[in-house]
Amino acid sequence: MMQRNALRLQNLINQLLSLSKLESGKMKLQAQEVNIVSLVNRYVQSFESLAKQKNIEFMFNSSEANIPLFVDRDKIEKILYNLLSNAFKFTDEGGLIEVVVGSGSSSGSATDFVEIKISDTGHGIPPEKFEHIFDRFYQADDSFAKDHEGTGIGLALTKELVELHHGKITVESRLGKGTAFTVFLPVGRDHLKPEEIVVRDDSFGESVKSVEFIDQVKQTTEPNIQEMLSDDDSEKDDTKPLLLIVEDNDDLRSYIRSYLTSDYRISEAIDGKIGLEKAIGKIPDLVISDVMMPKMDGMEFTRRLKADERTSHIPVILLTAKAAMEDKLEGLETGADDFLTKPFDTDELLVRIRNLILQRRKLKEIILKNIGSVSQLSNSGVNSMDQKFLEKAIQVVERYISDAEFSVELFGKEMAMSRVQLHRKLTALVEQPAGEFIRTIRLNKAAILLKEKSGNIAEIAYGVGFNNPSYFSECFRKQFGKLPSEYIS
């Protein structure tokens, strides 16, 4: 992970130095004749494993097998690297990226340029941004662009390098449909100065430069497959609390996970939309979420999590690079339970996780003590959403309290939840599955009736949904520590 990020930083520094050289006129073209089809195809192959990893269809096509062209290989590498990296950055899973190499003519007779087109089915660029995308340090302020890391250097450098080859670069794009960058490079050598041409090097196929380039692409774009393991591989020991990590940066998600796997089960999501689906499906004990993410950011994710009665009880820790007080307040106003600014200390994160889980356990004990009465719940410290949920659950059970056939399935239907969701929600709130929760409410009601001497033990047992008075007495003793007959006296 450190090596990959160091290489990313090195690449950024090299791009800045290249821009500086271009600006000062110190970067010179060192062109030699190559088969541009083979050269481009070789670099395209270095991205194939990334395409498989991201489940993106990746295609290379050429109108001819051999198109000779005078180019500077090192600079063509940089052009291809920037354009392909951009295509992968803004293309979602299931998309398509295509690279096409072909000859062209502006006069209709003689072939005078080679066209390299890199197109994708990604987010696209708004038309009003076209004139700025090749500006240095420019980044579109659209929401989709904010979801991706970048510096605004790559395209500026690409344009400069294309023009150094006496060529040009164009862009076509439709918002939400995709983008295509086309590089036009002149054929022949008449456009080149004598000092811009070097002796042909036939060792291209084995050149060290090409090997280093391919290795760099792999290391800077491919996280280790072990780090990319989908979640749930550590969910086998259900005695450990389940944490959900919602973070779009693979390295940071892996880093957080590495500190938590010994004490917790881990589930992961790469954005707020997937995170919300997993939170509803799994009902984790705690969520750690980034703020800036694609599709649904951490603020909206937390807001929806806390507004849904199925997940409103789950503690949330928000992580963000924004350190301003107003950003923290905004995060806390969404219902987040804690807030950490990046870069954060992992020991501090571990302590905050432990504290929130401990607080939740203590709250469960308080709620369980007060679960016999709807009126007592308001003084238990539970939040309003969870209070309403428990009040509704108690009222539903009390409505069916004399019905011995009242089942968990019917309970779930009355609560507008699946059996699994109801089980996980009640377990999270009161450490009781739905069946045990029903029994607890029945027995609490029985205790009240016994104190009021509203009937004999058998009558009260039948009245609260027990068909067998002996089984009723056994359950009563387990909950209250004494038999119903002792409870009356």
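At-a-glance table
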item	result
Failed item in (1) more than 20 Å from Lys306 (Cα to Cα); (2) modelled with pLDDT of 75 or more; (3) surrounded by 14 or more Cβ atoms within 10 Å (Cβ to Cβ), with Ile357 passing the rest	(1)
Unique residue being surrounded by fewer than 23 Cβ atoms within 10 Å (Cβ to Cβ), in a loop (DSSP other than H, G, I, E, B) and not aromatic (Phe, Trp, Tyr) when the list is Asp263, Asp251	Asp263
Residues (at pLDDT 85 or above and small (Gly, Ala, Ser)) located in region 289-344	Ser289, Gly298, Ala307, Ser312, Ala336
Candidates Phe406, Phe437, Phe476 - the one that is over 28 Å from Ile314 (Cα atoms), assigned to a helix (DSSP H, G or I) and either at pLDDT below 85 or touching a helix residue (DSSP H, G or I) at 6+ places or on another chain (Cβ under 9 Å) (or both)	Phe476
Total residues in region 272-325, condition assigned to a strand (DSSP E or B) and without any contact (Cβ under 8 Å) to a residue 40 or more places away in the chain	4
Boolean, Gly481 is over 38 Å from the mean Cα position of the chain (by Cα), surrounded by fewer than 20 Cβ atoms within 10 Å (Cβ to Cβ), within 17 Å of Leu368 (Cβ to Cβ) and outside the structural domain of Leu286 (by TED's automatic domain parsing)	yes
Options Leu426, Leu450; residue that is surrounded by 15 or more Cβ atoms within 10 Å (Cβ to Cβ), at pLDDT below 90, of a type in the set (A, V, I, L, M) and farther than 17 Å from Ile401 by Cα	Leu426
Filtered residues of region 393-432 (kept if of a type outside the set (A, V, I, L, M) and under 28 Å from the mean Cα position of the chain (by Cα))	Ser418, Arg419, Gln421, His423, Arg424, Lys425, Thr427
Candidates Glu115, Glu98, Glu64 - the one that is surrounded by fewer than 19 Cβ atoms within 10 Å (Cβ to Cβ), in contact with a strand residue (DSSP E or B) (Cβ under 7 Å, 6 or more places away or on another chain) and within 16 Å of His166 (Cα to Cα)	Glu115
Residues of region 413-443 that turn out to be closer than 19 Å to Arg477 by Cβ and without any contact (Cβ under 8 Å) to a residue 24 or more places away in the chain, as a count	1
Count of residues meeting criterion [basic (Lys, Arg) and either over 30 Å from Lys89 (Cβ atoms) or not in a loop (DSSP other than H, G, I, E, B) (or both)] in region 177-196	2
Restricting region 367-384 to residues that are surrounded by fewer than 17 Cβ atoms within 10 Å (Cβ to Cβ) and hydrophobic (A, V, I, L, M, F, W, C), the residue that is modelled with the highest pLDDT	Leu368
Flag for Leu96 being hydrophobic (A, V, I, L, M, F, W, C) and either over 27 Å from Leu12 (Cβ atoms) or at pLDDT below 90 (or both)	yes
Criterion: surrounded by fewer than 17 Cβ atoms within 10 Å (Cβ to Cβ), among the β-branched types (Val, Ile, Thr), out of contact with any His (no Cβ under 8 Å at 6 or more places or on another chain) and at pLDDT 85 or above - qualifying residue of Thr182, Thr151, Thr158, Thr170	Thr170
Selection status of Leu243, surrounded by 16 or more Cβ atoms within 10 Å (Cβ to Cβ) and over 30 Å from Gln387 (Cβ atoms)	no
Every pair of residues 6+ apart whose Cβ atoms lie under 7 Å, when the first sits in region 173-191 and is of a type in the set (S, T, N, Q) while the second is in a loop (DSSP other than H, G, I, E, B) and surrounded by 14 or more Cβ atoms within 10 Å (Cβ to Cβ)	Ser173/Gly124; Ser173/Ile125; Thr179/Gly122; Thr179/Gly124; Thr179/Ile125
For Ile394: the one exception among (1) at pLDDT 85 or above; (2) β-branched (Val, Ile, Thr); (3) in contact with a strand residue (DSSP E or B) (Cβ under 9 Å, 6 or more places away or on another chain)	(3)
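Let's see how each residue does on (1) free of Cβ contacts under 8 Å to residues at least 12 places away in the same chain; (2) surrounded by fewer than 18 Cβ atoms within 10 Å (Cβ to Cβ):
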site	(1), (2)
Ser454	yes, yes
Ile460	no, no
Glu474	yes, yes
Ser485	no, yes
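Conditions (1) of a type outside the set (Gly, Ala, Ser); (2) outside the structural domain of Asn249 (by TED's automatic domain parsing); (3) in a strand (DSSP E or B); (4) at positive phi, marked per residue:
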residue: Lys28; (1), (2), (3), (4): yes, yes, no, no
residue: Glu33; (1), (2), (3), (4): yes, yes, yes, no
residue: Asn41; (1), (2), (3), (4): yes, yes, no, no
residue: Phe70; (1), (2), (3), (4): yes, yes, yes, no
residue: Lys75; (1), (2), (3), (4): yes, yes, no, no
residue: Thr91; (1), (2), (3), (4): yes, yes, no, no
residue: Gly102; (1), (2), (3), (4): no, yes, yes, no
residue: Ile116; (1), (2), (3), (4): yes, yes, yes, no
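The values are calculated or read from the model by the stated rules, or taken from the named source; none is laboratory data. Small disclaimer: the values here were computed from a predicted structure and weren't measured. Ideal geometry is used to build each Cβ from the backbone, glycine not excepted, and the neighbour counts take in all protein chains shown.
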